[in-house]
Every structure is written in structure tokens, then in C-alpha cells.
Amino acid sequence: MTIHKLNGSLLTQMILSGAHHLSNNAQKIDALNVFPVPDGDTGTNMNLSMTSGVNEVKQTDSDDVSVIANAFAKGLLMGARGNSGVILSQIFRGFGRGMENLETLEAEDFAHAFEAGVTTAYKAVMKPVEGTILTVAKDAANKAVEIAKTETDIIALMEKILIEAKASLKRTPDLLPVLKEVGVVDSGGQGLVTIYEGFLAALKGEELPAETVEVEMEDLVNAEHHKITQDFMDTSEIVYGYCTEFMVKFEDDKLKDHPYNEEEFRETLSEIGDSLLVVSDDEIVKVHVHSEQPGDCLTLGQRYGSLINMKIENMREQHSAIVSNKEKTNTPKEKAEYGIVTVTMGAGLKALFESLGVTVVIEGGQTMNPSTKDITEAITKAHAKNVLVLPNNKNIQMAAEQAADIADENVAVVPTRTIPQGISAMLVFDPEAELAANQEAMEAASKEVKTGQITYAVRDTQIDGITIEKDHFMAIEDGKIIASNEKKQEAVKSLLNELITEDDEILTILYGEDVTETEVAEIEAYVEEYFEDIEIEIHNGEQPIYSYIFAVE
């Protein structure tokens, strides 16, 4: 089988196949994510970004490759999450530009589209790092251009592209020391190879085997709820009115009578509801479904075990409240001089930033990065002539800068990488100063604070000579892991001993949702005993992921 011309229909199948294969392997890609810390979110971010691109493609009825590619690029751009998602969006943004105004592609056009994608992606990254997705994309594109000089069969060309992409991926540990130290390849590069595998399978008319994958239920639920909270929908249009979430803890005696089969359970639930999500392992099944009979859904679940973590919400009431509030606030009002957008997770940290003058807080952060679209919408919601964006996370900075570029408002990004940096930046904000002056002053202030973080490892690894075991607590000083301990409080003490010096005056403790007041009191007593001259401020940040966040000044 050979293909000498690629049309829009086949390109669409390639995109759908690439996205599907990525989705099936997202968990595997997450497991490779070890830099800067083993937090495991690259596969999830790339998957969510690709899903946004696919949704845009599905709304396109053209058979021109340029129209399909540009729709894909647009969807990726708006759905891009995390650095991996943003870079992926730029690769395919250039890919689309490389076939501008073309109805079909020949092999040479196809190769130059890959080359254009690499050019665009490298321009988008301020300091490109080799040994990442960028390198894999570049090496594969270079091979494509070389092969296309003599090869006219697009299937054969894609085979060579994939071979080179895999070879480049294997070389990533030689270019990025942390990968070699841990013994893995680059997670973003693996994601791109996975997409290319899907491309080739579509060209050949083959199906790729699925992997067992579990995407975080919360991420999927948020995506589903985003669809139904649009204020253009009339409340009467909601067919299934109750958002029903529950978990079933499997019980052996019930499983004897009703053996659990995920596909059959999903099929049964789909008959009485929609927006269905079912995720299970050996012990528990998690369910999210919109239904008119929430009790029936619970009864079905009870066949397999005991119900836990149940939540039922009336979405018609919720939607009516949203529409009512929208109508009340729909009267145009004059834009404020300044608006400030920031990103954080945890009700306590959200309230803290709002108390400092932040206009819009986007809930997100490590493992759940907001997309370019999320940030763009927050900028619009700020309703101001000048908007400052504080990402508070290195992995969100590129999405923030991309949002600033496409926003209609006058926007500047203050490149804060941590919550303490964001707080320090807010403390020097001057509503009377010019936007550029505020950006400069806030960035300078953010660099004056030291950040400490305590979080847990999602996998066994070794970084900078430190052996880290799964579920142990990592002590991180300004982005560098300095210690690991199976006991959370001991990890905290190791971190504070390194973080605090005799020149420091203030320690701010932001404790997370997994920390008790007794544990906070223990740390406070430890600081008072060993660092008696330092002033302590304590806030309940209620943040997930990070048990403690420390700011030292």
C-alpha cells in the first residue's frame, strides 16, 4: 500500500489516531516525568491539550489539509496545558503554517510541514533545552526533509520519521543529565513519539493496542462540568439534572453474585445518564454520571460493594443560579485601571491572594496546569485596561505568555515560579505605577524570597545523588530536591535547617490539606527553639500536593 497524496480526511484520521494512542498511554508517559520533580503530569497535560485540538478538528467539515491542520493548531493552542502542552501546540501550529493554502500534500510538502513545526516551536521557547520534546521533533523533521528528496510514498516517509523520532528519544538521556541519572527518556519526547505512532497506524489503516490507563477523575469531571455551565444553555435543555459522583469499595461476597466488568457497568450506566466517567482498579471503582435517577445509579454500584464518597447535586438549580448571576452582572461597566490574575490551588491560598488584591484566581498548579484558554478567559474576566499575570509555577509560564500574546488587553506576565514568589510580588504592586514598572518591580521582589516545599514522590527515582522512594516526602529548596524522608515532619526539619540562615527575618508557613494543627504546632515549636530570632507567620493554605510551602525572607 502506498499513498502519494494526503487529503484532509486522512489527515483527520491521523490526528484522531494520534490523540487516541496518546490518551491510552498517558499514564505511562506520566510515570516518566522526573524533571524538575517526579510529579507525573506530562502525559496528562499533553492528553488534555490534544483533546482540545481534536474537538476543534471534529467541528471542521473541510477536506483541505490546511484547514484541518489549522483547526487542530487552534484547538491545541487554546487547550495547551503545561510546558509540554504549549510546546506541542507550537509544533503543530508551525505544522499547519507549513501547509498553508494546500488542499492535499505530497511527501515533500509533508516533510516541510514537520520542519516548519520545529522552527515555530524553537522560536516560542526562550531557552530551548535539548534532550526534550524539541530535540525529538527536530531530529524527526530533519530526517523527513532528507528522505522526502527521493521518497514519494507518504507511508514510507512517516515510517522513517517515526524510526528517527524513536532513535532521538533514546538519545535524550545523553543530552539531559537528569534523565540519565534517573534512567528514563524524556516524557514529552515519549508523548510526541506516541502521537507519531498513531499517525502511522492511521496511514496504514491499522489499530494500535490499548494500554490500561487511569486519568484523574477530578480532571475529567471538571472538563465535563465546563460543558454544562455555559450560560448560553437554557436550564430547560438539561436532560439529566443530577450530577452524581460516588465510589464503590469492592466486597468479595457481593462480587461472587455480581462479578465486576467495567465495560458492562459503563454500558448499563450509559442507558440512564450521560457525561459518564468510570475508572476502576482492583479495590475501588469511581463513577461520575449525570442522571435523572441518581438513586438507580447508586443501586447499580451497590451490587459490587459498599458506597463511599457520595455527592449528588441538582444541576438545574446550579445552572439557574449561574444564569441569574450572569443577568445581574451583565450590565456593562467601565474597565478598571488594573486587574491581576494568578494561579493557585487551595481555598486558603485563594483567599490569601484575594486579600492581597488579586482580581481573578485560577485554580490550578502542579499536576493540573491551566490551559492557554483558561488564562485568556481569566484575563478577560479581570475586565481591566492593564492586566498582570502571575503563574506561580514554571510549568505554567509558557501558557501565561502565550495567553498574553493573544489577549486583546494590555497584559504583562510576572514570571513567578512559586506561591511565595507570587505573594512577594503582590506586596510591592503599585496601582499608580505604569504596567512595565509594576512588572519590573514585582519580578525583582519575587527573586528576593526563598521557597521551600514539601511534597510526596509518585515513583521511585534518584536525582542529584538523592534516593527517593515512592510516597516518601521530598524537601525542595528553590526547585532543587535536597532531602527525602518517609516521615513528613522529619523532611520539614531537614528543609528548614537548609533554608533558614542567620540573616533571615521572616518565615511564612503555608500548610496544606493533609497537615494537622498538631503537626503545624510541632514545626512552629521547632523553629522557635532552633531559630529564635526569626518571626513566624502561619496560614492554612488548604493546598493539595504540597504539605507545606515555606517563604523565607
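None of the figures in this text is laboratory data; all of them are computed from the coordinates on show. Every value quoted in this text rests on a predicted model; they were computed, and no experiment measured them. Note: ideal-geometry Cβ built from the backbone for every residue, glycine included; neighbour counts use all protein chains shown.
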Could you check the simple spin-label distance between Glu292 and Glu267, using points 7 Å along Cα→Cβ, in nm with one decimal? 2.4 nm
Once each part is reduced to its C-alpha centroid, what is the distance from segment 68-147 to segment 1-28 in angstrom? 15 Å
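Within a 10 angstrom radius of the beta carbon, how do Met1, Met442, Met50, Met78 rank from fewest other beta carbons to most?
Lowest to highest Cβ neighbour count: Met1, Met78, Met442, Met50.
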Once the Cα gyration tensor of segment 369-422 is diagonalised, what are the square roots of 5 times its eigenvalues, in whole Å and ordered largest first, as equivalent ellipsoid semi-axes? 17, 12, 9
Any idea which of Thr518, Ser484, Tyr530 is furthest toward the positive side of the dipole for segment 402-553, if Lys and Arg beta-carbons carry +1 and Asp and Glu beta-carbons -1? Ser484
Sites Glu313 and Ala351 - FRET efficiency at Förster radius 22 Å, r taken between beta-carbons, to 0.05: 0.45
Among Phe429, Phe550, what is the fewest-to-most ranking by other Cβ atoms within 10 Å? Phe429, Phe550
Quick calc, the chain, dipole around Cα centre from Cβ unit charges on Lys, Arg (+) and Asp, Glu (-), nearest 20 debye, gives 1740 debye
Please give the FRET efficiency for Lys470 paired with Glu334, using the beta carbon to beta carbon distance and R0 = 45 Å, rounded to the nearest 0.05. 0.25
Excluding residues fewer than 8 places away in the same chain, name every one of the lysines whose C-alpha is closer than 22 Å to that of Lys286. Lys28, Lys227, Lys249, Lys254, Lys256, Lys311
Sort Ser446, Ser49, Ser66 so the one with the fewest other Cβ atoms within 10 Å of its own Cβ comes first. Ser66, Ser446, Ser49
In nanometres, the difference between 0.36 nm per residue of separation and the alpha-carbon distance of Val428 and Glu130 is 103.7 nm
Normalise the Debye intensity by I(0) for the chain, one equal point scatterer per Cα, no solvent, then take log10 at q = 0.05, 0.06 Å⁻¹ and round to two decimals. -0.23, -0.33
Starting from 0.36 nm per residue, how many nanometres of slack lie between Leu175 and Thr152 once their C-alpha separation is accounted for? 5.0 nm
Working from the alpha-carbon coordinates of segment 410-454, get Rg over Rh, Rh being the Kirkwood radius. 1.00
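If you stretched the chain out fully between Phe250 and Thr119, how much longer would it get, using 0.36 nm times the residue separation minus the C-alpha to C-alpha distance?
42.0 nm
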Segment 400-451: GluC sites (Glu not before Pro) in DSSP loop, at most 14 other beta carbons within 10 Å: Glu432, Glu434, Glu448
Protection-proxy order for peptides 4-10, 59-65, 88-94, 508-514, each taking the mean of Cβ atoms within 10 Å per residue, highest first: 88-94, 508-514, 4-10, 59-65
Kirkwood-based Rg to Rh ratio, segment 8-204, C-alpha trace: 0.95
Run the dipole for segment 415-527 about the Cα centre, Lys and Arg Cβ at +1, Asp and Glu Cβ at -1, nothing else charged, and hand back the magnitude in debye, nearest 20. 440 debye
Calculate the spin-label point distance for Glu513 paired with Tyr260, positioning each point 7 Å from the Cα along the beta-carbon direction, and give it in nanometres. 2.2 nm
Give the cross-link partners of Lys143 among the lysines, using a straight C-alpha distance below 21 Å as the criterion and excluding same-chain residues fewer than 8 apart. Lys5, Lys123, Lys160, Lys166, Lys170, Lys204
Report the charge-dipole magnitude of segment 331-446 in Debye, nearest 20, computed about the Cα centre from +1 at each Lys and Arg Cβ and -1 at each Asp and Glu Cβ. 380 debye
Rounded to the nearest 500, what is the 222 nm mean residue ellipticity of the chain from helices alone, with -39500 (n - 2.57) per DSSP H run of 4+ residues and division by all residues? -16000 deg cm²/dmol
Students often forget the sequence filter, so: which lysines lie under 22 Å Cα-Cα from Lys450 once same-chain residues fewer than 8 apart are removed? Lys350, Lys394, Lys480, Lys488, Lys493
